[in-house]
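What follows is a set of notes on a single structure, which appears directly below.
The values are calculated or read from the model by the stated rules, or taken from the named source; none is laboratory data. Keep in mind it's a predicted model, so treat the numbers as computed, not measured. Glycine gets a Cβ as well: all are built from the backbone with ideal geometry, and neighbour counts include every protein chain shown.
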Amino acid sequence: MTNTDPDIRRKAEEIIFGMWDTLTEDERKEISEHLTIEEFQKNEYIYKELEIPKCIKWLISGKVKICKSGVTGRDQILRTIVPSEIFSFRAYFANDDYLTSALSFGHSVVASVPMTIIDKLLHTNIQVCRKLIKQLAIELGKADSRTVSLTQKHIRGRLAESLITLKNSYGLEEDGYTLSIYLSREELANMSNMTTSNAIRTLSSFATDKIIAIDGRKIKLINEEELKRISENG
């Protein structure tokens, strides 16, 4: 659903212009004129695999997951997007269709600018070009590390890493222990490259060892240092 709230639009512009602070007034004006703001509800698609990429996107608020369909039809959660983060532009530069899908974890607001505008901008503003290249390089490095983790770590190590990643991405609630994002067991499994039953058993073992505490979808990190140790040791 398109959002026309002027306050949200201003917030989107602040994020974009803060990230790209070398934009000229004319460049800012052109981006503003072509900027669209959309709202998405839980598990609503922001874009789908095999769609043609048309826009670069920023997450203004909420939580987004990037997924890839596996050979068994089960989605693998590759990474998460946090507010103010830029996404949805790699496929355009690679002349690909989207190889992944982006879905909202919950109510999220996303800003979009057509890639045709961005492509034009990259020819006139070298600093924006450098920042996008840097972002691509960072994402490639994270993807390489993630591949090693998902293929070489044991089940406990993979799930521990996912919990630490969620904490680093979305933080904790006011109690200082509870993850501020509530995922289903299936979503945690998809993020950790394991079956749902293995995710349930591993969470239970973490709870038994008093590393975490579980209350429905709420997960408290009781012993974060031990969780990090398990993640690092694989």
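Just a few scattered comments:
- Residues that are of a type in the set (Asp, Glu) and over 23 Å from the mean Cα position of the chain (by Cα) number at least 3 in none of the helices (runs of 4 or more DSSP H) confined to region 179-234.
- Residue pairs whose Cβ atoms lie under 7 Å apart, separated by 6 or more positions or on different chains, with the first residue in region 203-232 and more than 18 Å from residue 186 (Cα to Cα) and the second of a type in the set (Asp, Glu) and surrounded by 16 or more Cβ atoms within 10 Å (Cβ to Cβ), are 211/226; 231/161.
- Listed conditions (1) under 20 Å from the mean Cα position of the chain (by Cα); (2) over 30 Å from residue 195 (Cβ atoms); (3) of a type outside the set (Phe, Trp, Tyr) are all met by residue 64, apart from (2).
- Taking (1) touching a residue at least 12 places away in the same chain (Cβ under 8 Å); (2) more than 21 Å from residue 22 (Cβ to Cβ) in turn, residue 95 satisfies each apart from (1).
- Condition met for residue 164 (crowded, with 18+ Cβ neighbours inside 10 Å and not in a loop (DSSP other than H, G, I, E, B)): no
- Filter result for the condition that a residue is among the β-branched types (Val, Ile, Thr), modelled with pLDDT of 95 or more and within 25 Å of residue 186 (Cβ to Cβ), over 56, 52, 46: 46
- Here residue 90 fulfils each of the conditions (1) buried (at least 19 other Cβ atoms within 10 Å of the Cβ); (2) modelled with pLDDT under 95 apart from (1).
- Contact map, region 157-173: first residue without any contact (Cβ under 8 Å) to a residue 12 or more places away in the chain, second residue not in a helix (DSSP H, G or I), Cβ cut-off under 6 Å, separation 6 or more or different chains; pairs are 171/180; 173/180.
- Which listed residue, of 188, 159, is more than 25 Å from residue 84 (Cα to Cα) and of a type outside the set (D, E, K, R): 159
- When region 112-138 is filtered for residues that are under 25 Å from residue 191 (Cα atoms) and buried (at least 16 other Cβ atoms within 10 Å of the Cβ), only 135 remains.
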